[in-house]
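I have placed the structure first, in the form of structure tokens, so that the comments after it can refer back to it.
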């Protein structure tokens, strides 16, 4: 393992030659440059797909064994973690406890900077003790720099507890690499605004978080085909989407989907089995119980 590189040598802190005259560029020049740099992000993430897939498998295994996925981050990284965790219950119908996020500084740090929050290892240990982190959990540490004390301390604590550790960073040869069982190190290169890791680094982290949660939930059966079978009706738009999903999945009309959904007590899985197999709600529930909740299994697919 290569030694830790000091801050001035980290890729995320280097100056981008293409943007040295950023303050003299026109709006179009800046937009064009940022767009050109952003195109590199997906390719950089693509080079980490094997590690991302290993992380997904670890998350699925943990959740099947009664564990949780807990994101830990600071600043922009922490805010993206909070966002991804918050989106899981309405998208996949999961408990808010299943995917959680800790951000250095707590709730105030979601909307503003909390001075010194990311520099406190003690706070990380305190926050994870409050979560009762256990061996069956997966902790995903997110740190663009690879050196954030709050995240490093969280990973160390998780290792001591026997939990699986995953790290997402854009600087491979940093302390975080020595603490994670699975390292996702995305080389996006220097930012156009030197050191502003909310840009390409942040974009890459968001892409990876999308993959981790979506792929894990699909593998856990919260998706039927490519449809959100467990989405929750949080507003009128989503309620209309639910009817479209049922109609699309079953090949039936919107009115038939609406009728089945009412009969199913607004349980999408039950309604879909009713529509596909032509059974009543009681029959559909029995099929799902036998299939341990699996829609494809209940449908005999």
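The values are calculated or read from the model by the stated rules, or taken from the named source; none is laboratory data. In this text, all values refer to a predicted model and were calculated from it rather than measured experimentally. Here Cβ is always computed from backbone atoms with ideal geometry, including for glycine, and neighbour counts include all displayed protein chains.
Overview of values
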{"item": "Selection count, segment 192-220, where residues are part of a loop (DSSP other than H, G, I, E, B) and more than 19 Å from residue 138 (Cα to Cα)", "result": "8"}
{"item": "Qualifying positions in segment 278-293 - loosely packed, with under 15 Cβ neighbours inside 10 Å and either part of a helix (DSSP H, G or I) or within 31 Å of the chain's Cα centre (by Cα) (or both)", "result": "282, 283, 286, 289, 290, 292, 293"}
{"item": "Meets criteria (surrounded by fewer than 17 Cβ atoms within 10 Å (Cβ to Cβ) and in contact with a helix residue (DSSP H, G or I) (Cβ under 9 Å, 6 or more places away or on another chain)) for residue 241", "result": "no"}
{"item": "Answer from 93, 75, 66 - the residue that is surrounded by fewer than 15 Cβ atoms within 10 Å (Cβ to Cβ) and in the same structural domain as residue 200 (by TED's automatic domain parsing)", "result": "66"}
{"item": "Residue within segment 165-187 that is assigned by TED's automatic domain parsing to the domain that holds residue 13, outside any strand (DSSP E or B) and at positive phi present", "result": "no"}
{"item": "Residue within segment 132-146 that is assigned to a helix (DSSP H, G or I), assigned by TED's automatic domain parsing to the domain that holds residue 195, at negative phi and touching a strand residue (DSSP E or B) at 6+ places or on another chain (Cβ under 7 Å) present", "result": "no"}
{"item": "Filter result for residue 229 (part of a loop (DSSP other than H, G, I, E, B) and crowded, with 20+ Cβ neighbours inside 10 Å)", "result": "yes"}
{"item": "Count of segment 174-188 residues which are over 20 Å from residue 54 (Cβ atoms) and either surrounded by fewer than 19 Cβ atoms within 10 Å (Cβ to Cβ) or touching a strand residue (DSSP E or B) at 6+ places or on another chain (Cβ under 8 Å) (or both)", "result": "0"}
{"item": "Any hit, segment 197-217, residues being over 30 Å from residue 76 (Cβ atoms) and buried (at least 16 other Cβ atoms within 10 Å of the Cβ)", "result": "no"}
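Residues checked against (1) in contact with a helix residue (DSSP H, G or I) (Cβ under 6 Å, 6 or more places away or on another chain); (2) in the same structural domain as residue 87 (by TED's automatic domain parsing); (3) more than 30 Å from residue 52 (Cα to Cα):
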site: 226; (1), (2), (3): no, no, no
site: 247; (1), (2), (3): yes, no, yes
site: 258; (1), (2), (3): yes, no, yes
site: 280; (1), (2), (3): no, no, yes
